[in-house]
1. Could you work out the relative contact order of the range 40-99, using alpha carbon pairs under 8 angstrom and six or more residues apart, expressed as a whole percent?
2. Counting other beta carbons within 10 Å of each Cβ, put I89, I124 in order, fewest first.
Amino acid sequence: MTRPAAAEAGWEPLDEVALGGLLAGAAGGTGTVGLVGPHLHDLATRLVVDGLTVEATVPGRRSARALRRALRRAGQRAAVTPAVRDIGIDLPFPDAGSGVLVCRLDPQTFPFPRHTVRELGRAIGPGGTVVLLTGGRAPWPTGLVDAWAASAGLRPDAEHAVEGALPFTGAVYRSQPA
């Protein structure tokens with residue numbers, strides 16, 4: 001759905017501020033937000049400035065450096081220590097151990113995106129929120145990402161349905177409540 005179509009449908013496009021507000025609400029105001037993947041440093045900075053705890057897992061030193069640099073510019077140098085891990089196959093999270101996860105589903109970082117979405121479904125707790133950011137030029141159709149999410153036990157959030165998350169071109173999903 002394009003930005004005008006999202007507005008006609010009554011959806012507020014998720015810009016950085018709206019996404020930060022959505023995540024703050026999902027994390028309970030003072031909870032932890034897990035970030036997975038590259039290029040999430042601006043979002044991490046906004047969340048830390050808003051008072052949330054951020055746990056970032058990034059694929060390499062370059063992404064970790066960008067995250068530290070963004071936090072330093074925001075005056076939050078010690079707020080987040082990113083974990084640099086190989087996150088291409090299995091995600092380093094316990095089963096049902098997270099309340100909010102944000103993943104930039106990048107084909108260079110995640111060679112098996114269907115498995116990655118299943119791992120997010122495994123790691124999210126009952127009633128938790130998963131935000132998948134696919135970028136503007138994702139190599140797979142949005143409907144396919146929805147199918148992967150459904151197979152992982154995630155359902156689209158009615159308020160911010162698929163492609164209502166512009167300009168991030170992502171989607172918000174909720175896990176099944178316990």
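Please treat every number below as a calculation from the coordinates, not as lab data. Note that the coordinates shown come from a computational prediction; the quantities given were computed from them, not determined experimentally. Here the Cβ positions follow ideal geometry from the backbone for every residue, glycine too, while neighbour counts run over all protein chains shown.
1. Details: 65 pairs, mean separation 22.6, N = 60.
Across the range 40-99, relative contact order equals 38 percent.
2. On the way: I89 11, I124 27.
Lowest to highest Cβ neighbour count: I89, I124.
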